[in-house]
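Here is the structure we will look at.
Bear in mind that the values in this text are calculations on the coordinates, not laboratory data. None of the values given here were measured: they were computed from a predicted structure. Here Cβ is always computed from backbone atoms with ideal geometry, including for glycine, and neighbour counts include all displayed protein chains.
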């Protein structure tokens, strides 16, 4: 890699235009002069999480996207349906930077001792605009990675690890003793399984394919239910009865899975009920939808009594609720276990320009297990 | 009415038989000798609430029900689908009494002063098995009605009034300032509107027909949205923006209405948002499903950000949560306002035997606004 000037850097942008078109491009932006408490991080690794793809693709039909521009400065365009456009009213004609989290090396720092102390350090950061060569950020927001950790190893220190830890914390705070997770073979799901093994919490994993079940069993999972199996509902009910799990975190969102989980929880709960009640068991059963891998409608039969809830779950409000101190403890655990519990795996590392190639979008846009990409904005520039 | 012996009395029973048949019948049961703290109430009025019909009909197809027995001792049979049978596993072959609430006159009492003090009084009672000539119950569970109140006037003192008061209390406890109610022209809905007018709380009523809107406007409703109108979603969004309502109580359950309410709440919330967030507004939006007028699946598009919840709501756990003292205050308010705020209207008063006539079941079984029945077990015996 040639030594480039830090004065300007490329940044990936996503724009939804009034006419109904999404445009993805790279723009050259000046690197700001860091204020006393700030540092400039040269980003070397930033994952493409499902939570990034909502902002990146804006609900456009990427299968019909068109490539333009040059290989160095590609421009991708795609159409949005009228329904998708309605949901995008708040961001029309705004050129938005993308990328929730990343890691890199501090190359410049403001005058404060805290900022100066970070020069040369490899740090993980969260806060958007990470699909960029340089990111100006407050020193206090930098999580210093243990010596010997590469940016690629530290790229996913926040979204997945804190979400997984947040699920366990929510389970405890709401009085449940075990939990259920869907799309459980994902990077996040593997982390959650590793946390649960370490912290001795019972976890019921739901996957969609036998090979995903095998992957989880390999890392020590006890309860794995395959929703493609004809015995899925029975398997799930058995696992719920065995673990007592009454809270689930669902990455799928659309379809019938959330309701099926509640139905199986109810079936497990009535096994121990002393008498029949037409209102079902009194055990509160909760599903939190935290992702939308299936963007279609959510549908359920209310066959699980009256003590149930389905709701949205999001990392940021969770962190705000527990407060800075408690959140900082979680971050420090992530840094300490970044190569073990919180290790991520990626299919491919791409440059900013390559991330906008239609062939690559076709792969990582599927959000399939084992198709996770890492952008290295310092690559190929 | 001839003076009958209190030694035995007729009681309506609902039985789901192993073969997949529902049987409704009247059985003669001995009236128990009241214990010191108990009284015997001669039931003269008991409403057929939607919440009674679940236990009564057990999800059977009543449109194909068959009549048998004699006019005095009718027997109604109907078939349950395999799906309905699955949900009824807990009550198979049990002959269950029906009727959540009612009112009548205390005709006998145990030896305690509290019980003796009730002899001859007209009381309202809650606790099941009210579709019966006589009901033995603890004196402390009797709500003494103000002098001059008939059993018919006091028949619905608990389920609807406490549910309506419970909705307002839940709204306050969960930090909302206004509320939404569906199927709002029902007896319960009219009560809720009267409570809100009296307590100065903004209420958004959702109805399905213009005549229901007119009925609510007549009793003073400000916000009434008709879901059959082509401008429904716009009307609802305007009403939500005007009132700031972020919690809804839904009697329908099935279909798309719960999701539409959340979508309109989100649209109202983003009007005042300062900047675009792809996760939607940070305002928590809640729908509680407390009824199932539409037994079909619930379906929603997740087009309302991440700060939302849908859940079951049930009166009994609510009353347990607030405790006896707080619940007693609510009951006393109901007794005091039984002829005004909490007045109910009924289409027809029927005897126990008439309640099992197929022509009557066809009417009250529809659970339509303006088709509410009152059973008078002391009638025609």
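Points to keep in mind about this one:
- Elements of type strands (runs of 3 or more DSSP E) in segment A:224-322, at least 3 residues being over 26 Å from residue A:165 (Cβ atoms) and more than 11 Å from chain B (Cβ to nearest Cβ): none
- Enumerated helices (runs of 4 or more DSSP H) restricted to segment B:120-211, each holding at least 2 residues that are free of Cβ contacts under 8 Å to residues at least 60 places away in the same chain: B:159-173, B:187-199
- Every test in (1) over 26 Å from residue A:297 (Cβ atoms); (2) surrounded by fewer than 16 Cβ atoms within 10 Å (Cβ to Cβ) is passed by residue A:230 save one, and that test is (1).
- Condition check for residue B:305: on the phi > 0 side of the Ramachandran plot and surrounded by 22 or more Cβ atoms within 10 Å (Cβ to Cβ): yes
- When each of A:115, A:60, A:103 is tested for being touching a strand residue (DSSP E or B) at 6+ places or on another chain (Cβ under 7 Å) and part of a strand (DSSP E or B), the lone residue that passes is A:103.
- Residue match in segment B:329-344 (condition: under 24 Å from residue B:198 (Cα atoms), in contact with a helix residue (DSSP H, G or I) (Cβ under 8 Å, 6 or more places away or on another chain) and within 14 Å of chain A (Cβ to nearest Cβ)): no
- Qualifying residue in segment B:237-254 (condition: out of contact with any strand residue (DSSP E or B) (no Cβ under 9 Å at 6 or more places or on another chain) and over 30 Å from residue A:100 (Cβ atoms)): yes
- Evaluation of residue B:326 against (1) surrounded by fewer than 16 Cβ atoms within 10 Å (Cβ to Cβ); (2) more than 14 Å from every other protein chain (Cβ to nearest Cβ); (3) under 27 Å from residue B:44 (Cα atoms) (one fails), failing number: (3)
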